[in-house]
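Taking it in order: structure first as structure tokens, then the write-up.
Laboratory data are not the source of any read-out in this text; all were calculated from the coordinates shown. All of these numbers come straight from a predicted model, not from anything done at the bench. Cβ sites come from the backbone with ideal geometry, for glycine too, and all protein chains shown count toward neighbours.
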Amino acid sequence: MARKKTAVPKKKKRAKTVKPSARRTNAPAKKKAPAKKQPSKKSVKKKPAKKNTAGKSKPKKRTGKRQSLGRPRVTLDARLDLLFQKDYQAREVFEFLRITTVRELEEFAPDEVIKKLAGPLYQTVQRIRKTMALCNRSLAGDRDFALEFKQQLTSGRL
């Protein structure tokens, strides 16, 4: 039995690229458009473009859109003492605020935490200043406060 030959498609020949210098020069030259005369800058007055907004509505920009932090790596009920095992100062802050979970911590703003921590320190320093003034002493550069405090005591305002 003889095998039938299958027809193999012939490959197309690629067109050879011709260098610009080897091209024929017999082709008709293209006509250039006449140059437009541009008016001087002084006499040009631009009119504001009219916008046709009939039937078209522009999409509003969302300024309040929050950017995502991504998928949380810890749950809301994760314990802070385990999350901050090596940060002893942070653990003291959590103990002072009497919070134990991430959920409770997320309720505080950074400024609010600072105010809660700094409040007792400020009050303690004020007590120290007053006690020193009662002993006719003052902290460095705090003589004016001691004099005012003693004057208030003698005048009976406190």
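Order by neighbour count: Glu104, Glu112, fewest other Cβ atoms within 10 Å first, most last.
Details: Glu104 15, Glu112 11.
Placing the least packed residue first, the sequence is Glu112, Glu104.
Take the Cα of Arg66, step 7 Å along the line toward its Cβ, and report every residue of the stretch 108-124 whose backbone nitrogen sits under 11 Å from that point.
Those under the cut-off are none; the list is empty.
Compute the distance in nm between two label points, each set 7 Å from the Cα along the Cα-to-Cβ direction, one at Met132 and one at Arg73.
According to this spin-label approximation, the distance is 4.4 nm.
For the pair Ser155 and Ile99, how long in nm is the line joining their label points, each one 7 Å along Cα→Cβ?
Here the modelled spin labels are 4.3 nm apart.
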